[in-house]
Amino acid sequence: MSLAAGATLAQPAEPVDLDMVSRIRQEAFHRSQVMQTLAELTEDIGPRLTNSPAMDRANAWARRKMEGWGLQNVHDDAFADFGRGWEFGSAGIEMLAPRQLPLYALPKGWTAGTDGVVEGEAIALKLEKEADLDKHRGKLRGKVLFVDDLRKYKPGEEPDFHRHDGTSLEDLQAFTVPGDRDDSERARRMKQYLERVEFGRKLNAFLAEEGVLATVELSSRDNGIIRTGGGGSRKAGEPVGVPEFAMIAEHYNQVMRALDDGETVRLRLHSDARFTTDADREGYNTIAEIPGRGALANEVVMIGAHMDSWHTATGAADNGAGVAVMMEAMRILKAVGAKPRRTIRIALWSGEEQGLIGSADYVARTFASYPEPTDPEQAKLPAFFRTERGQLQRKPAYDRFSAYFNLDNGSGKIRGIYAQENLAAMPIFEAWLKPFNDVGATVVTARNTGSTDHISFDRAGLPGFQFVQDRLDYFSNVHHTNLDTYDHASPDDLKQAAAIVASFAYHAAMRDAKLPRKPLLED
């Protein structure tokens, strides 16, 4: 048989079990437990910094919850020494002079506490290189350093709350061809990273030796929002430095204007931040399964989300929402009596906020890993900075893996999925999304998206995917801020997302073949 010019062979339609989809939708939309799960994780347990006591409680809670739903092989999965545990319960800064005023600030993670209430004079000072340390040595005892410039308030020009519309969804279909890899730029970034890490250690030691009371940085958000992450050091034996705070812009600017006017600014501070372990310890992911049956039972479909969060709020959008959706998807599959051919495995990751550590370690131990660099400087770098990678070392489970689906962009509804340039997977996803077109999930885009745990799989040549979501106020208000709370979650969106994830996991586990893989680009 010959084909006319430009013709292609028709591909068989991807089967969709609409009876199962109907059962999943009924359970997800009419008997949902997703908000109860989210409330327990965020309001009962609270923020979950990796290796903190609250993270340990979250691991135990998730195990109990999933065992109660009848999931099997429920366990905590240890990954390499992450560092020390840390927590805080109370902190504050008060201006005493030139006027009395409470200043809203919160400590950065893994920083020292104040050991009670302390008072000192604020000064504006940037310490950015070793020459700065030599210049100010012996002059900073009892001082509180304000380390950023004043930032002029800029009114927002876009609404805080955003949903995709027809135009933005259509824009997602466009693929930008990447430029040539610039190894010189990667080398420059690598050098900057190593210099920043080394200077950070020296700065921490200097501040403590000089008797600085604390440092205060400017929040990157306006409108009374504190956005912050880690400081000090989570590693035992490294210099921790002094208490570090992030302050809302509107209060930070008042202090800076007073200093610019030549006024003496005196502050009272306290932070009960503390390390909860003296030595570095392993971190833990939590794993559970619905076992497969028959000849394909030893093949695996995975879903997951990171359970760790930052410490200034309760981690509801980042990423309690993803955890609640993934757990709800597993509950739904058990509730509707799903009997998958492949094993469906859920992973609730830790250490994501510090560089996908939990998921990357799991993939390396379970499926495949790259050899450690022979260059000592390369070995100091996170994997994404390394220019020396070598050949992928595959383990037996590599060929038994089908796909991983991730959720980590807040509580917005799923609008589609990023195919990560896996073109062969796109028509499959289009078929699986079709029963959910009526609830807003329509887009399959060839684009890559990054910065969360599916990348740990994608880097190893395994099919790993992240869903397209409405962003709501994720990036405008809640991402890594003190506003990341249960109140910002959208119940209807989370119900919709749980149904889609359950359906995707089920269909991936039931199809005759594993999901197709894109070519692996190796150095």
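With contacts taken as Cα pairs under 8 Å and at least 6 residues apart, the chain reaches a relative contact order of 23 percent. For LYS202, a cut-off of 17 angstrom between C-alpha atoms picks up these aspartates and glutamates, skipping any fewer than 8 places away in its own chain: GLU128, GLU130, ASP132, ASP134, GLU210, GLU238, GLU244. The alpha carbon centroids of segment 196-249 and segment 391-432 are separated by 37 Å. Between the C-alpha center of segment 45-76 and that of segment 118-135 there is a gap of 42 Å.
Rounded to the nearest 5, the antiparallel percentage of DSSP beta bridges internal to the chain is 55%.
Under 5 Å from the amide H of VAL216 lie the amide H atoms of LEU145, PHE146, VAL147, PHE245, each residue being 5 or more positions distant or on a separate chain, with H modelled from the backbone and absent for Pro and chain starts. To the nearest 10 degrees, how steep is helix 357-366 against the longest Cα principal axis of the chain, on a 0 to 90 scale? Helix 357-366 sits at roughly 40 degrees to that axis. Among the lysines, select those whose C-alpha is under 16 Å from the C-alpha of LYS65, and discard any that sit fewer than 8 residues away in the same chain. By straight Cα distance, LYS65 reaches LYS334. Relative contact order of segment 157-276: 20 percent, from C-alpha pairs under 8 Å at least 6 residues apart in sequence. What shape does the chain have by the C-alpha gyration tensor, where a ≥ b ≥ c are the square roots of the eigenvalues, rounded means a/c under 1.5, and otherwise prolate means a/b greater than b/c and oblate the rest? Here the chain falls in the prolate category. Entry note, the chain: the mean residue ellipticity at 222 nm calculated from DSSP H runs of n ≥ 4, each adding -39500 (n - 2.57), is -9000 deg cm²/dmol after division by the residues and rounding to the nearest 500.
Residues PHE275, PHE504, arranged from fewest to most other Cβ atoms within 10 angstrom of their Cβ, appear as PHE275, PHE504. Largest first, the extents of the alpha carbon coordinates of segment 355-440 on the three principal axes equal 54, 29, 21 Å. Loop-located GluC sites (Glu not before Pro) across segment 144-202 with a Cβ neighbour count of 13 or fewer within 10 Å are GLU157, with loop assigned by DSSP. Rounded to the nearest whole Hz, the Karplus-based 3J(HN,Hα) values (6.51 cos²θ - 1.76 cosθ + 1.60, θ = phi - 60°) of segment 42-54 follow the sequence 8, 8, 8, 8, x, x, 9, 4, 3, 6, 6, x, 5, with x at glycine and proline.
Sparse packing (at most 13 other Cβ atoms within 10 Å of the Cβ) combined with a DSSP loop state is found for the following trypsin sites (Lys or Arg not before Pro) in segment 67-145: ARG99, LYS126, LYS129, ARG137, LYS139, ARG141. Residues in segment 402-419 carry Karplus couplings, in order, of 9, 6, 10, 10, 10, 9, 6, 9, x, 9, x, 4, 6, 10, x, 8, 7, 7 Hz; the curve used is 6.51 cos²θ - 1.76 cosθ + 1.60 with θ = phi - 60°, and Gly or Pro positions show x. In terms of its alpha-carbon gyration tensor, segment 276-388 comes out oblate; a/c meets the 1.5 threshold, while b/c is at least as large as a/b. Residues whose amide H comes within less than 5 Å of that of ARG293, counting only those at least five positions distant or on another chain, are ARG341, ARG342 (H built at 1.01 Å from N in the peptide plane).
Give me the percent of DSSP beta bridges within segment 282-353 that run antiparallel, rounded to the nearest 5. Beta bridges within segment 282-353, antiparallel portion: roughly 40 percent.
For a paramagnetic label modelled on GLU388 (point 7 Å from Cα along Cα→Cβ), amide N atoms under 18 Å away belong, within segment 184-205, to 184-195.
Against the main long axis of the alpha-carbon atoms of the chain, helix 183-210 sits at an angle near 40°. Projected label points at ASP261 and THR277, each 7 Å from Cα along the beta carbon direction, are separated by 4.9 nanometres. Normalising the average separation of contacting C-alpha pairs (under 8 angstrom, six or more residues apart) by the number of residues puts the relative contact order of segment 231-373 at 25 percent. Note on ALA295 and ARG365: their simple-model spin labels are 3.3 nm apart, each label 7 Å out from Cα toward Cβ. As an equivalent ellipsoid, segment 213-300 spans semi-axes of 46, 20, 9 angstrom, where each value is the square root of five times an eigenvalue of the C-alpha gyration tensor, largest first. Note on GLU121, GLU244, GLU372: ascending count of other Cβ atoms within 10 Å places them as GLU372, GLU121, GLU244, the fewest first.
Exposure proxy for HIS479, HIS75, HIS164: other Cβ atoms within 10 Å of each Cβ, ordered fewest to most, give HIS75, HIS479, HIS164.
Values in this text are rule-based calculations from the coordinates and carry no lab data. This one's a predicted model, so the numbers in the text were calculated from it and none came from an experiment. No Cβ is skipped: glycine too gets one built from the backbone with ideal geometry, and neighbour counts run over all protein chains shown.
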